[in-house]
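Peer 1: One structure follows; several queries about it will come next.
Laboratory data are not the source of any read-out in this text; all were calculated from the coordinates shown. Worth saying up front: this structure is predicted, and the values here are computed from it rather than measured. With ideal geometry, Cβ positions are generated from the backbone for all residues, glycine too; neighbour counts draw on all protein chains shown.
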Protein chains: 4
Amino acid sequence: MEIAKVCADFLKKSEFITYMGIELLSLDEEHARGRMPFVEKYKNPYGSMHGGSLYAIADTIAGTLANMGGMAVTTVDGSLHFLAPAMDTEYIYCDAKLRKGGAHLITVDVDITDDKGKLLDCGCFTFYKTAQKLLDD
Amino acid sequence: MEIAKVCADFLKKSEFITYMGIELLSLDEEHARGRMPFVEKYKNPYGSMHGGSLYAIADTIAGTLANMGGMAVTTVDGSLHFLAPAMDTEYIYCDAKLRKGGAHLITVDVDITDDKGKLLDCGCFTFYKTAQKLLDD
Amino acid sequence: MEIAKVCADFLKKSEFITYMGIELLSLDEEHARGRMPFVEKYKNPYGSMHGGSLYAIADTIAGTLANMGGMAVTTVDGSLHFLAPAMDTEYIYCDAKLRKGGAHLITVDVDITDDKGKLLDCGCFTFYKTAQKLLDD
Amino acid sequence: MEIAKVCADFLKKSEFITYMGIELLSLDEEHARGRMPFVEKYKNPYGSMHGGSLYAIADTIAGTLANMGGMAVTTVDGSLHFLAPAMDTEYIYCDAKLRKGGAHLITVDVDITDDKGKLLDCGCFTFYKTAQKLLDD
């Protein structure tokens, strides 16, 4: 089995990712794209997406890209900047882009956008590559 | 009604916060403490708490502290550093501490710990104070 | 006088910016580019650029872009991710890109690269717009 | 020679650290404290400490604490939150506190204060432990 399929299947192991409605749309060595529906159950008391919901998709999609190196990774740290609230959109989209794919550390930028491509949030995640292979030899 | 009760009640408006099992344990002008259960439905594919779950409690508890200024706030940005995975704990606890309570900007540090007080994660959140009062005059 | 010239001249007021050899190369509403020489006096004990030197150019160039809104700004926060050390380069370059230009808050991404365009560092800065105009009416 | 002396001597290798006037005041396994003078040559165009100056002391003092593990470290990332400008102070002080001292990753919080102990800035730095020993066997 190829690594992209392993990474995609891996997400199905988590009840939380399933509950959050996070779907992986595309994945290659340097980019990953996913989406989640903009619905009531992911919102904060003000009616916009809860920071935890946005971080959930950002960490998931960035981590899936980090897994493309073939090893299990742990998140070292991650930040999100909340630029504009989601409104009148069916989905929110998360694009992850590889900034560093090192022997031990992986850095990934994320942009979160709405149906029309308007930028809502941006952030940066750092991952540590463990010695555990995701794919059997 | 006093502001602390308004801030606590405010959390009940969000289905997401309820689903995440986030409880506010204590709240004053400079500190807030909350907890969430360490159970399967908040975990990542590796079996530890999903970054989105940890960020959900951090943003919620830090934001509740930021609300103690009496105005609605929006999260400007927030970061989490993942220091150790939660294991063998019934709850994870989040302690938020005010670092700056300005006219426009509020900065809050968070520590996430387990039942034994072991540090699992730390982070920092910035909030912007809007002109919207949480409490009627 | 136009705002871009005011922003550029503003940098000359700081002895620190002059000592750091930071030059502004280009500036418009959404982008700013600057450079500093890669020389001994900005290095850490390991012989690569000191984090403080890299942050100095990042904060300066991002802040100059933030000033293009016409108001004095203060830095709310800023992070840098150190991806690769500078080596065999005459200058390091900093490109700042506007991610949000709000009424009160401005968010700017920075990339630091070497002579060949290799990515060395990336980061994100948030600024607060004060009520103080940079340009007389 | 003991590790604390090696770490302290190490700072003298950098012309930048010397120019910035950064002094190490105390150092143990979990804490480091340093200071730098609050003088014109470290200021931004507004007359307060340049973000690069503040980051220079934060990265230096946090990195010195990270070196106490006995191995050379590289800075993975670091953020600073600017809470209040320094004013009417002779020195600014930086206190670094170990949050995680792992086999590969080290996390350090920093607080920057003035002569009266007023909090000016706070931040968090992550370091990666290389395989290079600072102290000969």
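Peer 1: Once amide H atoms are placed 1.01 Å from N in the peptide plane, what residues at a sequence separation of 5 or more from B:Thr130, or on another chain, have their amide H within under 5 Å of its amide H?
Peer 2: B:Ala72, B:Val73, B:Thr74
Peer 1: Would you pull out the residues with amide H under 5 Å of A:Gly102's amide H, same chain only if 5 or more places away, H placed 1.01 Å from N?
Peer 2: A:Thr107
Peer 1: By the gyration tensor of its Cα atoms, with a ≥ b ≥ c the square roots of the eigenvalues, what is the shape of the protein assembly as shown: rounded for a/c under 1.5, prolate for a/b over b/c, or oblate?
Peer 2: rounded
Peer 1: What is the set of long-range amide H partners of B:Cys124 at a cut-off below 5 Å, with H atoms built 1.01 Å from backbone N?
Peer 2: Amide H to amide H, under 5 Å and 5 or more residues apart or across chains, B:Cys124 pairs with B:Ser79, B:Val110.
Peer 1: What are the ³J(HN,Hα) values, in whole Hz, obtained from phi via the Karplus relation 6.51 cos²θ - 1.76 cosθ + 1.60 with θ = phi - 60°, for each residue of the stretch D:4-12 in sequence order, with x given for Gly and Pro?
Peer 2: Listing the rounded values in order: 4, 5, 4, 4, 5, 5, 4, 4, 6 Hz.
Peer 1: With angles folded into 0 to 90 degrees, how steeply does helix D:51-67 sit against the dominant principal axis of chain D? Use alpha carbons for both and round to 10.
Peer 2: It is inclined by approximately 20 degrees.
Peer 1: If we count other beta carbons within 10 Å of each Cβ, what is the order of C:Met49, D:Met87, D:Met71, fewest first? Don't skip to the answer; put the middle values down first.
Peer 2: Details: C:Met49 27, D:Met87 12, D:Met71 17.
Starting with the residue having the fewest Cβ neighbours, the order is D:Met87, D:Met71, C:Met49.
Peer 1: May I ask for the distance between the Cα centers of the stretch A:1-77 and the stretch C:120-137, given as a whole number of Å?
Peer 2: 33 Å
Peer 1: Follow-up question, since we're still on this one. Find out how many positive minus negative residues lie around A:Leu65, taking Lys and Arg as positive, Asp and Glu as negative, among other residues whose Cβ is under 14 Å from that of A:Leu65.
Peer 2: So the surrounding residues net to -2.
Peer 1: Let me ask another. Taking springs between alpha-carbon atoms closer than 10 angstrom, which of D:Ala58, D:Ala84, D:Ala66 fluctuates most in the Gaussian network model of chain D?
Peer 2: Taking springs between Cα atoms under 10 Å, the residue moving most is D:Ala84.
Peer 1: Using the Karplus equation 6.51 cos²θ - 1.76 cosθ + 1.60 (θ = phi - 60°), what ³J(HN,Hα) coupling, rounded to whole Hz, does each residue of the stretch D:98-110 give in order, writing x for Gly and Pro?
Peer 2: Per-residue couplings from phi come out as 6, 9, 8, x, x, 5, 10, 10, 10, 10, 9, 8, 10 Hz.
Peer 1: Separate question: Hey, rough spin-label estimate for A:Lys41 and D:Ser26, points 7 angstrom out along Cα→Cβ, what's it come to in nanometres?
Peer 2: Between A:Lys41 and D:Ser26, the simple spin-label model gives 5.3 nm.
Peer 1: Follow-up question, since we're still on this one. Per residue, what volume in Å³ does the Cα convex hull of the stretch B:46-133 take up?
Peer 2: Values: hull volume 7.5 nm³, N = 88.
Spread over its residues, the Cα hull of the stretch B:46-133 gives 85 Å³ apiece.
Peer 1: Using a 10 Å cut-off around each Cβ of peptide B:126-134, what is the average number of partner chain Cβ atoms that fall inside?
Peer 2: The shielding value for this peptide is 2.
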